[in-house]
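In what follows, a structure is listed as structure tokens, so that the remarks can point back to it.
The values are calculated or read from the model by the stated rules, or taken from the named source; none is laboratory data. Small disclaimer: the values here were computed from a predicted structure and weren't measured. Positions of Cβ are generated from backbone atoms using ideal geometry, with glycine treated the same way; all protein chains shown enter the neighbour counts. With ligands, DNA and RNA removed, areas are computed over all heavy atoms of the protein, side chains included. Shrake-Rupley method; radii C 1.70, N 1.55, O 1.52, S 1.80 Å.
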Amino acid sequence: MKFWILFTLLLIFANGMCEREDFIHQIPLLVADLGSRVILPCSHSDDFINIISWYKHSLGKKPILMAYAEAVLGKITYQNGFNDTNRYFFRIGSGFFNLSIAHLEEYDFATYYCAVSFLNVITFGEGTILLPKERDRIRSSTVLQQPVPDRLHPGDSVTLQCSIISEICAGEYSVYWFRHSSGYSQPGIIYTHENRSDQCMERSEDGSSTQSCVYSLSQTELRPSDAGIYYCAVATCGKIHFGNGTKLIIEDSRLVWNPITLVLATLTVMAMIVIIILLIVIQQICIKESLKNHKNQWKQSVDTLNQEETRVIYTQLIMD
């Protein structure tokens, strides 16, 4: 009986742990010079984590596990030869696991994912895109994106804005919107503006001509799959310039069952049914035992009474 009660409490506790909400925070975009050193931070929740890891995802290639660390012991284990060059360093602490890359080379520019795992369930961060800085600063462009103030729900509509200030140069330019979702998926282009001059204004200051453009991306009938970080990028003067990104959070009000949660919930229900059956059986056994005791007591009382009556009668007969 005690075993089943403890087992049920353990299942409920494990079920609550599996329904917890992990958070992993990464910087969406980092820009660095070749040969420089860069730090990619990763902050995460502390509760119920076994392993923390870093993955590298280059365009057109499979994700590669760089290293992982045991959350409790803090032991870091390199994978796939990332400790051979002595350029990749990891630092672990309470609530963070940061990646540092020294002497950046061309093949270091990729997307890096931080992930945490518990009970064989792995959760990925949004990822950090590492891009090279422009070497030519003669012509510059600034791409600004406005954040979305509120959380959205399925069925809502939203308009994302992108402001671009750039120096005018010969040739066409294009503006791209792409979404970066969590997991292994690569950022994908979802919309383009091709050489649209009707949204721009030109101005001249200190002998240089610049143009200011504003572009919008409207999303209607939002779905949970539309969540992610939306980047605006402009290709002009032979270069591409990225915005700081706008994070779109879509809260799904529907109940989504995790497979482990579903299994644990099923086991909990089964355990409760077994406990109820055991209680009924125990109650029936107790009732039978009680009836048996009462019957024995009644029989003993009757036998005692009969013996007393027989003794009295026998005494009277002797006296007579």
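The table that follows gives values for the structure above.
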| read-out | value |
| --- | --- |
| Inter-label distance, nm, simple model (7 Å from Cα along the C-beta direction), residue 73/residue 249 | 3.6 nm |
| Contour excess over end-to-end distance, with Cα ends at residue 119 and residue 142 and 0.36 nm allotted per residue | 3.8 nm |
| Of all accessible heavy-atom area on segment 72-129, the percent that carbon and sulfur account for (1.4 Å) | 51 percent |
| Residue 300/residue 263 FRET efficiency (R0 56 Å; Cβ-Cβ; nearest 0.05) | 0.55 |
| Residue 65 versus residue 96: modelled label distance in nm, points set 7 Å from Cα along the beta carbon direction | 2.6 nm |
| Fully extended contour minus Cα-Cα distance, from residue 310 to residue 131, at 0.36 nm per residue | 53.4 nm |
| Whole-Hz couplings from phi, Karplus 6.51/-1.76/1.60, listed for segment 124-130; x for Gly and Pro | 9, x, 6, x, 10, 8, 9 |
| Solvent exposure ordering (accessible area, 1.4 Å, most first) of 241, 153, 103 | 103, 153, 241 |
| Estimated inter-spin distance, residue 150 and residue 319, nm [label 7 Å along Cα→Cβ] | 10.4 nm |
| Full-extension gain in nm, residue 87 to residue 181, via 0.36 nm per residue minus C-alpha separation | 31.0 nm |
